[in-house]
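The values are calculated or read from the model by the stated rules, or taken from the named source; none is laboratory data. No experiment lies behind these values; they were computed from the predicted model shown. Virtual Cβ from ideal backbone geometry, glycine too; neighbours counted across all protein chains shown.
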């Protein structure tokens, strides 16, 4: 089968959740099929990164453009459009032309669009089996933001954004044969806005490479906490602002030796809004974040917003680092509180659970062992990749045979 894959982010190196998902989906598909990759690239790419993906894919084309770069004139027009204004403002003629060229010349049997941002370039195609991979359901995120709004003006603005996003996603998915989502929660959210039986919806969870993400390679440093996530992503910044203001002082009161590492990029982030001190380290981008995670006693995930499922949680569990999380941070994962991780619903409870883990090595070991077993059983990319191929092959072939 020939597969054309549209990537929102260039997937190598797989350094964040979205890139990890795209990379391992491509790795699975390319092991059994001919794959053409058409990808945005928001920055200059190292030639070895391009060579790596070229070795995996039959064809590779790159649109050298930030997928979220906005045309402000188009954004104004977007206010009067039924499509979310951010999508109107980020339309790329180069990506549209690349899709047309590859559909004509490569003649794919199946086209996969990663995220709603690339889905618009695929929706109206005729011929190939069309798949959209939605790592989060935007209308669900917008609905939560509306529900948490405190002022009348904010509620009105966010309600309009939610209704617009819901209507757009409902129209968008009707142009596809198949939707992939990361959790049962997202499947239910998508089913609530689907009209009729189209498209088919399959749960393909996020995962890790359990053969390379192994526990025990680094000895954890006493008192260390870690949050792995670029602060350039709004939910990550919000989580760290909340943690540093409301939770970390409570932890330090009980465990003065506690330190926090925050990994990931910070370019353009209002760092001055964060109450940083000598006990907090901003590592910046790490080419390999795993040693930092494995070398920490506790992974904290104080997320308050966002969608999909959290690769950072699965990654920490695979590496043997126990996790304390808000319920939102563990959303979409088949985890049990007290068995695979510890959940906390208030700043005081979060601090208490983190200190428990810092103080109790047996508790850390018990959680880490059960969490690792869960990851091996449910969140290994090798098994997930086989499921992706099986699901798509089955339905794509059935659709072609009906033509």
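Listed by first and then second residue, the pairs with beta-carbon distance under 8 Å, at least 6 apart or on different chains, first residue in segment 11-31 and free of Cβ contacts under 8 Å to residues at least 12 places away in the same chain and in the same structural domain as residue 47 (by TED's automatic domain parsing), second assigned to a helix (DSSP H, G or I) and surrounded by 21 or more Cβ atoms within 10 Å (Cβ to Cβ), are 14/20; 14/22; 14/23; 14/24. Only one of the listed residues (248, 243) is farther than 22 Å from residue 18 by Cα and either over 23 Å from the mean Cα position of the chain (by Cα) or assigned to a loop (DSSP other than H, G, I, E, B) (or both). That residue is 248.
From the list 351, 330, which residue is in a helix (DSSP H, G or I) and touching a helix residue (DSSP H, G or I) at 6+ places or on another chain (Cβ under 7 Å)? Among 351, 330, only 351 is in a helix (DSSP H, G or I) and touching a helix residue (DSSP H, G or I) at 6+ places or on another chain (Cβ under 7 Å). If you check 289, 280, 323 for being in contact with a strand residue (DSSP E or B) (Cβ under 7 Å, 6 or more places away or on another chain) and either within 17 Å of residue 353 (Cα to Cα) or assigned by TED's automatic domain parsing to the domain that holds residue 138 (or both), only one passes: 323.
Inside segment 264-285, residues that are under 16 Å from residue 225 (Cβ atoms), in a loop (DSSP other than H, G, I, E, B) and in contact (Cβ under 8 Å) with a residue 12 or more places away in the chain make up a count of 5.
Summed over segment 194-220, residues that are part of a loop (DSSP other than H, G, I, E, B) and in contact with a strand residue (DSSP E or B) (Cβ under 8 Å, 6 or more places away or on another chain) total 6.
What residue, of 324, 335, 300, is at pLDDT 95 or above and in a loop (DSSP other than H, G, I, E, B)? The match here is 335. Checking the conditions here, which among 312, 386 is outside the structural domain of residue 233 (by TED's automatic domain parsing), assigned to a helix (DSSP H, G or I) and at pLDDT below 95? Checking each option against the conditions leaves just 386. Being farther than 15 Å from residue 307 by Cβ, in contact (Cβ under 8 Å) with a residue 40 or more places away in the chain and part of a loop (DSSP other than H, G, I, E, B) holds for only one residue in 99, 111, 122, and it is 122. Among the residues here, residue 96 does not qualify as over 23 Å from residue 57 (Cα atoms) and in the same structural domain as residue 23 (by TED's automatic domain parsing).
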